[in-house]
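No lab work stands behind these numbers, since they all come straight from the coordinates. Quick caveat, the model's predicted, so the values are computed rather than measured. Cβ placement follows ideal geometry from the backbone for every residue including glycine, while neighbour counts extend to all protein chains displayed.
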Amino acid sequence: GKGLAVFTSGGDSQGMNAAVRAVVRMGIYLGCKVYFIKEGYQGMVDGEDNIVEANWSSVSCIIHKGGTIIGSARCQDFRERPGRLKAAKNLVDRGINHLVVIGGDGSLTGADLFRQEWSSLLDELLSSGQITPELREKNKNLQIVGLVGSIDNDFCGTDMTIGTDSALHRIIEAIDAIVSTAYSHQRTFIMEVMGRHCGYLAIVAALTTEADYVFIPESPPPGDWKKRLCDKLEQERAAGQRLNIIIVAEGAIDRNGVAITAEQVKKVVVDNLHQDTRITVLGHVQRGGNPSAFDRVLGSRMGAEAVMALMESTEETEACVISLDGNQAVRIPLMEGVKQTKAVAKAMEEKQWDKAVELRGKS
Ligand code: ATP
């Protein structure tokens, strides 16, 4: 059977295990020899016990677990050619020439580079006597399919990344809990949520928890936001509301590109309105806990589709990412989504927020 390996790379997210499980089982079902690569690219570079054959039952009892059971890592070695050469040797030795990478745009960029270099890496291994001509011939093509695992929903080209829905569940559970205590004591709570340069978690959390105010990176508040914030909070209290909830995305910024922090917002509220104000930073709780039904289904569908895409791929096939378009799992060229995601980051850096939102498009 064909040699296929799956690994998770970059930040973990809930639902990665469902994807790993689906890749292993669909791979076995279609007659592949399936491997786990543990600890992301680091495990690929280091080889040995980090690359192990998977069987049907090695992915039993993992679909409900958060994180990734095969480990994830950031790997400096893989950024350099000597690291990728070692990785290539470890794969070729085991007959692995089909890869499913589950990670963010960095991990997918690394995968794309690896595939572009594959022939020359094999040539180098052959000329230095590390592999035989037979092994080179048998593994001459490397096929790669990517899945996007991230709680941030910051990847262009897919409606939802694996983990976003579960993170939202964590966030709204926490806000609901805060609301009841805030109500009792007539307090104002500022909740800091993750998302890096993407405001998706913050804005959906705000919508679903009836928050009074939200700060996101893509829409820095124009004009005197401090006054508008205070006016809004006062108006809510005057209407009889006993509490206020303000959500601050971790990447929130003002029109000058300077961070708007929970501390700063608290100071504005306390100095101007003298409200009893507290900050809750949700932190890594958002990345933890069991995946939601949505993420389990998403991971399962994406994983199965990834293996099917690999099995159908030929030398000429472009590497792809499996993405969610409406309710369909579709294949998009790997670098298309990565490039678009990088273009969004660049527009944000240049303070062209409208352009960033437009580029991000449906996602
Ligand atoms: P997250 O969204 O959670 O940050 P990510 O996949 O974007 O996930 P990165 O830290 O950017 O996370 O990338 C993960 C790993 O992928 C890196 O540690 C590195 O090993 C590899 N990688 C990233 N970019 C490249 C690149 N340009 N060339 C080679 N390898 C890369």
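Tabulated data for the structure shown
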quantity	calculated
Using θ = phi - 60° and Karplus 6.51 cos²θ - 1.76 cosθ + 1.60, couplings along the stretch 24-39 (whole Hz; Gly, Pro as x)	4, 6, 5, x, 5, 4, 8, x, 7, 8, 10, 10, 8, 10, 7, 6
Check: the stretch 175-244 dipole with +1 on Lys, Arg Cβ and -1 on Asp, Glu Cβ, in debye	160 debye
Under 9 Å, Cβ to Cβ, from Gly303 - net charge with Lys/Arg +1 and Asp/Glu -1	+2
Val214 long-range amide H proximity, modeled H, under 5 Å	Ile247
Size of electric dipole in the stretch 151-309: Cβ of Lys, Arg +1 and of Asp, Glu -1, about Cα centre, debye, nearest 20	300 debye
Whole-Å distance, taken between Cα centres, linking the stretch 242-305 and the stretch 1-42	31 Å
Those GluC sites (Glu not before Pro) in the stretch 36-132 that DSSP places in a loop and that have at most 16 other beta carbons within 10 Å	Glu80
Surrounding net charge for Ile253, when Lys and Arg each add one and Asp and Glu each subtract one, Cβ distance under 13 Å	-2
Alpha carbon Rg of the stretch 159-255, scaled by the compact-globule rule 2.2 N^0.38 Å	1.09
Selected from Trp118, Ala249, Trp56, residue furthest toward positive end of dipole (the chain; charges at beta carbon)	Trp56
CD proxy at 222 nm, helix term only [per DSSP H run n ≥ 4: -39500 (n - 2.57); per residue of the chain; nearest 500]	-14500 deg cm²/dmol
Estimated dipole of the chain in Debye, rounded to 20 [Cβ of Lys and Arg +1, of Asp and Glu -1, Cα centre]	320 debye
Across Lys2/Lys86; Lys227/Lys351; Lys33/Lys138, pairs whose alpha-carbon gap is larger than 26 Å	none
Where N is the number of residues in the stretch 216-363, Cα Rg divided by 2.2 N^0.38 Å	1.45
3J(HN,Hα) from dihedral phi, the stretch 194-203, Karplus parametrisation 6.51/-1.76/1.60, rounded to Hz, x for glycine, proline	6, x, 6, 8, 10, x, 4, 4, 5, 6
Leu273 versus Val357: modelled label distance in nm, points set 7 Å from Cα along the beta carbon direction	2.4 nm
Integer Hz, Karplus 6.51/-1.76/1.60 couplings in order for the stretch 276-286, x for Gly and Pro	6, 10, 10, 10, 10, 9, 6, x, 6, 3, 5
Computed over the stretch 59-190, the ratio Rg/Rh where both radii use C-alpha atoms and Rh is Kirkwood	1.19
Largest-first principal axis extents, alpha carbons of the chain, Å	78, 42, 33
Ranked Glu192, Glu312, criterion: other C-beta atoms within 10 Å, fewest first	Glu312, Glu192
Cut-off under 5 Å, modelled amide H: who pairs with Gly15 long-range	Gly67
Added length on full extension, which subtracts the Cα-Cα distance from 0.36 nm per residue, Gln328 to Thr280	13.6 nm
Cβ-based charge dipole, the chain, positive-most Cα from Val258, Gly31, Ile172	Ile172
